[in-house]
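See structure below.
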Amino acid sequence: MTDAPMNTAPGVEIHPTALVHAGAHLDTGVVVGPFCVVGPHVRLGAGTRLHSHVVVEGHTTLGARNEVFPFASVGHAPQDLKYRGEPTTLVMGDENRIREGATLQPGTIQDKGATLVGSRNLFMAYTHVAHDCIIGDECIFANATQLAGHVVIESRAVLGSMSAVHQFCRVGELAMVGANAMVAADLAPFCLAQGDRATLRGLNLVGLKRRGFSSEDIGRVKEAYRILFIAGHPTIETALAACETAGLTGAKGVSELLAFMKETGKRGLVRPAGNADASSLAASSHD
């Protein structure tokens, strides 16, 4: 290890106590603080800052202006007993904030071989992102949020403190998960969920308004929600057909909601409490 890596652009600052491998690539304006460790296959984008006691290892790429706080571990081997040291990757976009003690891990060859993180996400203290996860943009993960392997979190989702998402589950765009919730099925876009196991608690109306949805748009999303989750359709196919009959399929927000449901896998969907269990609306044609 060395504090003078070969692939260093102008304006890079490396604290004398940091260990940065000669093979690492540090772009313009990168700051590596005290007692940080940067591995040989790491690429840090322009303006990225590692505060102190940060470890970035593996085949890990961080985009521009990411900020990583003390004791975070980014890119170390996944917590998967099948992992045998294969050169899988963790790739992150720009302007993410990774707070104290968070852990983000690369993919495995049993899946796509990559964990993919978008831009402008906030990972609060002790958040865990397991192998092969896909995360969109502008998500918020409150303290101690836990993502199992193969999880998909779409853009602008919010996960409350100490919530968890079961492996292979998806959380849709602009969805919100309450604190301490356990999400064991797919959570549709724009929906609120709470509890163990999590159940639907309505729509994220504040989030929809902030994203520019008009009253008319929100009204159509509400009607689609009623048809999909309250009306008691036995399968996704019948629920989608009912939305089409109601003339909702092309409406703003509804089209995203229906597209998400068409891709629902074997874990089924999070549903309201007392309206069948979370897995009962699995689409027969997608099992």
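The values are calculated or read from the model by the stated rules, or taken from the named source; none is laboratory data. All of these numbers come straight from a predicted model, not from anything done at the bench. Please note: Cβ atoms are built from the backbone with ideal geometry, for glycine as well, and neighbour counts cover all protein chains shown. For accessibility, only protein heavy atoms count, side chains too; no ligands or nucleic acids. Shrake-Rupley method; radii C 1.70, N 1.55, O 1.52, S 1.80 Å.
Among the residues of the range 147-165, is there at least one that is of a type in the set (Ser, Thr, Tyr), at pLDDT 95 or above and farther than 23 Å from Asp111 by Cα?
So far as the range 147-165 goes, yes, one or more of its residues are of a type in the set (Ser, Thr, Tyr), at pLDDT 95 or above and farther than 23 Å from Asp111 by Cα.
Return yes when Thr115 is closer than 23 Å to Arg43 by Cβ, in contact with a Pro (Cβ under 7 Å, 6 or more places away or on another chain) and surrounded by fewer than 24 Cβ atoms within 10 Å (Cβ to Cβ) and no when it is not.
No; evaluated as a whole, the condition is false for this residue.
Quick test for you: out of Leu174, Leu269, Leu192, Leu187, pick the one residue that is under 25 Å from Gly136 (Cα atoms), surrounded by 17 or more Cβ atoms within 10 Å (Cβ to Cβ), within 18 Å of the chain's Cα centre (by Cα) and at pLDDT below 95.
Every option except Leu269 fails the conditions.
Assuming Ile98 fulfils every condition listed in (1) open to solvent by less than 10 Å² (accessible area, probe 1.4 Å); (2) more than 19 Å from Ile135 (Cβ to Cβ); (3) among the β-branched types (Val, Ile, Thr) apart from one, which condition is it?
With respect to (1) open to solvent by less than 10 Å² (accessible area, probe 1.4 Å); (2) more than 19 Å from Ile135 (Cβ to Cβ); (3) among the β-branched types (Val, Ile, Thr), Ile98 is out only on (2).
From the list Leu62, Leu19, Leu90, Leu26, which one is farther than 27 Å from Val152 by Cα, surrounded by 21 or more Cβ atoms within 10 Å (Cβ to Cβ) and either in contact with a Phe, Trp or Tyr (Cβ under 9 Å, 6 or more places away or on another chain) or not acidic (Asp, Glu) (or both)?
It is Leu26.
Report, by residue number, each residue of the range 30-50 that is touching a Gly at 6+ places or on another chain (Cβ under 6 Å), in a loop (DSSP other than H, G, I, E, B) and buried (at least 18 other Cβ atoms within 10 Å of the Cβ).
Residues satisfying the conditions are Gly45, Gly47.
Quick one: which of Ala157, Ala175, Ala246 is out of contact with any Leu (no Cβ under 7 Å at 6 or more places or on another chain) and among the hydrophobic types (A, V, I, L, M, F, W, C)?
Ala246
Which condition breaks for Ala148 when tested against (1) in contact (Cβ under 8 Å) with a residue 40 or more places away in the chain; (2) within 23 Å of Asn180 (Cα to Cα)?
(1)
Going by what's in this entry, would Gly212 be described as out of contact with any helix residue (DSSP H, G or I) (no Cβ under 8 Å at 6 or more places or on another chain) and surrounded by fewer than 18 Cβ atoms within 10 Å (Cβ to Cβ)?
Judged against the criteria, Gly212 is a match.
In this structure, does Thr103 turn out to be open to solvent by 10 Å² or more (accessible area, probe 1.4 Å), under 22 Å from Met182 (Cβ atoms) and touching a His at 6+ places or on another chain (Cβ under 6 Å)?
yes
Anything in the range 1-29 that is in a loop (DSSP other than H, G, I, E, B) and at pLDDT 95 or above? List them, or say none.
Val12, His15, Pro16, Thr17, Ala18, His21, Ala22, Gly23, Ala24, Asp27, Thr28, Gly29, listed by residue number.
Tell me which residues, restricted to the range 159-175, are closer than 22 Å to Leu257 by Cβ, free of Cβ contacts under 8 Å to residues at least 40 places away in the same chain and in a strand (DSSP E or B).
The answer is Leu159, Val165, Val171.
Return a yes/no flag: does the range 66-79 have any residue that is over 22 Å from Gly149 (Cβ atoms), in a loop (DSSP other than H, G, I, E, B) and open to solvent by less than 20 Å² (accessible area, probe 1.4 Å).
Taking every residue of the range 66-79 in turn, at least one turns out to be over 22 Å from Gly149 (Cβ atoms), in a loop (DSSP other than H, G, I, E, B) and open to solvent by less than 20 Å² (accessible area, probe 1.4 Å).
Every residue in the range 140-151 that is surrounded by fewer than 21 Cβ atoms within 10 Å (Cβ to Cβ) and not in a loop (DSSP other than H, G, I, E, B), please.
Selection gives Ile140, Gln146.
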